[in-house]
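Colleague: Below is one structure. I have some questions about it.
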Amino acid sequence: MMLIVLQVVVDGALWGFGGNLSLLVLRRQMEGAKLREAWEHARREIWPVFKSDCVVWTCYNTLCYGVIPRRMQPISTAMMCAAWTAYISAVATGGLPN
């Protein structure tokens, strides 16, 4: 049980914050924004994104590491990643409605 908690916490810290911050900056830059503008956008958006990440990925990772059989983890994680990437793309491009 302690190993599952450690995996969920490490995953959340590395990917939940660091990975999402990087994605927000890079996606904005790929749209033509200057680094400073992309960074400012990411700084504004990271906390709501991180909160969403904690809700979604903490639940999923707990199931993944504790319940989902190992042979099914790659496909279930791929499906979750596809949905999460669509969400991050929408946030990065301002595509979510207020």
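The values are calculated or read from the model by the stated rules, or taken from the named source; none is laboratory data. These figures come from a predicted structure and were not determined experimentally. All Cβ positions, glycine included, derive from the backbone under ideal geometry; neighbour counts span all protein chains shown. Accessible surface areas use protein heavy atoms only, side chains included; no ligands, DNA or RNA. Shrake-Rupley method; radii C 1.70, N 1.55, O 1.52, S 1.80 Å.
Colleague: Please tell me the relative contact order of the chain in percent, rounded to the nearest whole number, where contacts are Cα pairs under 8 Å and at least six residues apart.
Modeller: Relative contact order here is 38 percent.
Colleague: Something else now. What part of the accessible area of the chain, given as a whole %, is carbon or sulfur when the probe is 1.4 angstrom?
Modeller: 69
Colleague: May I ask you to rank V10, V49, V67 by accessible area, largest first, using a 1.4 Å probe over the protein chains only?
Modeller: Highest to lowest solvent-accessible surface, that is V67, V10, V49.
Colleague: Within the set of other residues whose C-beta is less than 13 Å from the C-beta of G94, count the net charge using Lys and Arg as +1 and Asp and Glu as -1.
Modeller: 0
Colleague: How big is the dipole moment of the chain about its Cα centre under a simple scheme where the beta carbon of each Lys and Arg is +1, that of each Asp and Glu is -1, and everything else is neutral? Debye, nearest 20, please.
Modeller: For the chain, the charge dipole is close to 80 debye.
Colleague: Taking each pair of different alpha-carbon atoms in region 1-45 once, compute 1/r for the pair, average those values, and report the inverse of that mean as the Kirkwood hydrodynamic radius in Å to one decimal.
Modeller: Final number for the Kirkwood radius of region 1-45 is 11.5 Å.
Colleague: What distance in nm lies between label points placed 7 Å from Cα along the C-beta direction at L26 and L6?
Modeller: Once both label points are built, they end up 2.8 nm from each other.
Colleague: In addition: Can you list the HN-Hα couplings for region 36-49, worked out from phi with the Karplus curve (6.51, -1.76, 1.60; θ = phi - 60°), rounded to whole Hz and with x for Gly and Pro?
Modeller: 4, 5, 5, 5, 5, 4, 5, 5, 6, 8, 5, 5, x, 5
Colleague: Could I ask something else about it? Starting from the 7 Å offset along Cα-to-Cβ, what nm value, one decimal, do you get for the label separation of S76 and S52?
Modeller: 2.3
Colleague: Determine the distance separating the Cα centre of region 45-85 from the Cα centre of region 22-37; give it in Å without decimals.
Modeller: The distance from the Cα centre of region 45-85 to that of region 22-37 comes to 24 Å.
Colleague: At 7 Å along the Cα-to-beta-carbon direction for both R43 and I68, put a label point, then send me their distance in nm to one decimal.
Modeller: 3.5
Colleague: Let me ask something else about it. For the chain, count the residues as N, evaluate 2.2 N^0.38 Å, and divide the Cα radius of gyration by that value, please. It would help to have the intermediate numbers written out before the result.
Modeller: Values: Rg = 14.7 Å, N = 98, 2.2 N^0.38 = 12.6 Å.
Computed over Cα atoms of the chain, the ratio equals 1.17.
Colleague: Rank C64, C54, C81 by mean-square fluctuation in a GNM of the chain with C-alpha springs under 10 angstrom and give only the top-ranked residue.
Modeller: C81
Colleague: Let me know the shape class of region 50-98, please: from the alpha-carbon gyration tensor, a ≥ b ≥ c as square roots of the eigenvalues, rounded when a/c is under 1.5, otherwise prolate if a/b is greater than b/c, or oblate. Intermediate results must be reported in sequence, preceding the final value.
Modeller: Details: a/c = 4.52, a/b = 2.03, b/c = 2.23.
Judged from the Cα gyration tensor, region 50-98 comes out oblate (a/c at least 1.5, b/c at or above a/b).
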